[in-house]
1. Please work out which residue is modelled with the lowest pLDDT, limiting yourself to the stretch 190-248 and to residues that are part of a loop (DSSP other than H, G, I, E, B) and hydrophobic (A, V, I, L, M, F, W, C).
2. Could you grab me the full set of residues in the stretch 287-311 that are over 20 Å from I371 (Cα atoms) and not aliphatic (A, V, I, L, M)?
3. Quick one: which strands (runs of 3 or more DSSP E) sit completely within the stretch 316-402 and have at least 1 residues that are open to solvent by less than 30 Å² (accessible area, probe 1.4 Å) and among the acidic types (D, E)?
4. Any residue at all in the stretch 491-505 that is open to solvent by 10 Å² or more (accessible area, probe 1.4 Å), of a type outside the set (A, V, I, L, M) and touching a helix residue (DSSP H, G or I) at 6+ places or on another chain (Cβ under 6 Å)?
5. I'd like the full set of residues that are more than 17 Å from A116 (Cβ to Cβ) and open to solvent by less than 60 Å² (accessible area, probe 1.4 Å), limited to the stretch 191-207.
6. Of all residues in the stretch 1-34, how many are surrounded by fewer than 22 Cβ atoms within 10 Å (Cβ to Cβ), within 27 Å of G93 (Cα to Cα), at pLDDT 65 or above and not β-branched (V, I, T)?
7. Of all residues in the stretch 288-309, which are without any contact (Cβ under 8 Å) to a residue 60 or more places away in the chain and touching a Phe, Trp or Tyr at 6+ places or on another chain (Cβ under 9 Å)?
Amino acid sequence: MVRRLFLMALLVPAVCCCRAAAVTSPDGRLSVSVADSQLVAYFQGRKALELYSPPLLAGLRFASDVRADYRMLSGKRSHCQNVAREYHAEADGVRLVLRLYNDGLAFRYEYDHLQALPAEHTSYRIPEGTRRWMQQWTDSYEGFFPQDTTCRVAPVPSFSGISRSAEGYNNRWGYPALIEPADGLFVLLTEANIERRQSASCLMNDGERYRVVPAENGSPVTGAWHTPWRVAVIGSLADVVESTLVTDVSEPCRIADTSWIHPGVVSWVYWAYNHGSNDYDVIRKYVDMAATLRLPYVLIDAEWDTMKDGRTIEDAVGYAKSKGVKPMIWYNSSVGWVDGAPTPKYRLNKPEDREREFAWCEQTGVAGVKIDFFSGDSQMNMDYCLDLLADAARHHLLVNFHGATIPRGWQRTWPNLLSTEGVYGAEWYNNVATFTQKAAAHNATLPFTRNVIGPMDYTPCAFTDSQHPHITTHAHELALTVLFESGLQHLADRPESFLSQPVEVRGFLGQLPAAWDETRLLGGYPAEYVVLARRSGNTWYVAGINGTAGSKEMPLALDRLPIAATASVQSFADSGHADSPWLIRTVPLSQLPATVTCLPQGGFLLIINPKKQQ
């Protein structure tokens, strides 16, 4: 019976379309109708998204306007505002709540008196031939988003959680999923506001049908309960990139005093020295670099508990503090990769152990924790993450989840969560040669996919090589620090590399914001190129990268930005010469060209200062 009601609930709007005015967003751009057992969303009259279910003979009724108006300490926008029209439909104990925003829709199912957890039967249709950028599911969410037009894709052999269709194709997909149902019209599918007693979900397809499939929910669920929000951001690429819909539908901040939470740039050992965090002298190099560049944080990564030569973590923390640098340290979550994995392990799993460890961190002067190696999207993992965030907040600790699920709105509810990995990032130069050729296109896809939904610990900006070389240019690498949003922006390269860069580059890194007041997409297309503008205070930062192997002319489109004609611009570009790779200059805004031509895998960065050039 519950299954029947769940299947039927999605088609409630059928009666609404017959009995009442169209179900629309506040500005009317987005509308919903139902026909032939499909809930269909239209954006400016064009079909954007189809949801499937059998019909339910009941009416979808207007409930209220729902407004979001809140502040974020990190992210793509400091002041977030949105408004939706909320509609309800109810039958035999299940209630469909549907919100139509100007930039998308969100819906969930609510129950007042559950006896057992119901199955979910939401499904989306992505027709064959539709361009899509979808990542095959793996518990770390570390994979590419290749463009495709079919669901018939071979599984990635190395991924965890592989699922195959009867024909042998991959049929399990992670969020977010970007589709282009019509030229210039995009839909980003994801979910938001995971709470206790809930698991996260993925998409599993049977041909063109993509079902929402929650992960394991290990504890009994009875009484009042609701699903997470299923979210579809809909509109142009700019609408998608600039959207805050994931946090708009998430729970408000639960930390009363947030004055201790400060986003910032981090000096990071691991990329160049995989086992460097057990070496006091290596840690000192990164602390000294942070102090010289005026970076606020240093991350002491795995194996700090086995430091060599009689040194201890207290020595390293003390040295960082003596230089005015705030130290963060790494922990193994001890629920994912445990056997053969780095230490320290088993220090956070039990509440009493976690309390002792976090209290020690706070007393010692540790500013935050990076917690690694989770094991997927189950309710156990979701509850564990929420426990970690709440307990870390009580001890004034910033949090970075690594080897973990993607953001689903926790960055609003627990703003001490400043970054999350869940991305195939620069760390992979350590592991396989694959990233060398694919990185540029991947980098030009992430702003339209993974980074839309929340902070992304890609660990950008490396001018030298790790175990495997990179072919992206210096300006491409520098642009990533602005292009990729993360409340803790970990810089990957070696101290000697950063400190040997031109004074202008070093100066930029020392004042790089890690939180933004506003974000605007100026141009781009997944895997080809992207030009993105972010504002901090009165200063605009414009980052652009070329994702292709050929030169590309990219429009600046600065008319989208409220910039005074008297502003001055500091620009960083590629010179094209190996012995002197930078082209750095400061010019009046009026001298900027309308387009920028980037080298293959190249990039550029503009800092637009409102003050008139002297």
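1. Residue satisfying both the conditions and the ranking: V221.
2. D288, T292, R294, K308, D309, G310, R311
3. Details: elements: 326-332, 368-372, 398-401.
Of the strands (runs of 3 or more DSSP E) lying wholly inside the stretch 316-402, those with at least 1 residues that are open to solvent by less than 30 Å² (accessible area, probe 1.4 Å) and among the acidic types (D, E) span 368-372.
4. No; the residues of the stretch 491-505 include none that is open to solvent by 10 Å² or more (accessible area, probe 1.4 Å), of a type outside the set (A, V, I, L, M) and touching a helix residue (DSSP H, G or I) at 6+ places or on another chain (Cβ under 6 Å).
5. Quick first cut of the stretch 191-207, residues more than 17 Å from A116 (Cβ to Cβ) only: 191-196, 200-207.
Matches in the stretch 191-207: E191, A192, N193, I194, E195, A200, S201, C202, L203, M204, N205, G207.
6. Final tally of qualifying residues: 3.
7. Correct list: A290, V298, I300, E303, W304, M307, K308, D309.
Quick grid of which residues meet (1) open to solvent by less than 10 Å² (accessible area, probe 1.4 Å); (2) in a loop (DSSP other than H, G, I, E, B); (3) farther than 18 Å from N546 by Cα:
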site: Q437; (1), (2), (3): no, no, no
site: D457; (1), (2), (3): yes, yes, yes
site: T464; (1), (2), (3): no, yes, yes
site: L480; (1), (2), (3): yes, no, no
site: G507; (1), (2), (3): no, no, yes
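The values are calculated or read from the model by the stated rules, or taken from the named source; none is laboratory data. Note that the structure is a prediction, hence the values are computed from the model and not measured. With ideal geometry, Cβ positions are generated from the backbone for all residues, glycine too; neighbour counts draw on all protein chains shown. Only protein heavy atoms, including side chains, enter the accessible area calculation; ligands, DNA and RNA are left aside. Shrake-Rupley method; radii C 1.70, N 1.55, O 1.52, S 1.80 Å.
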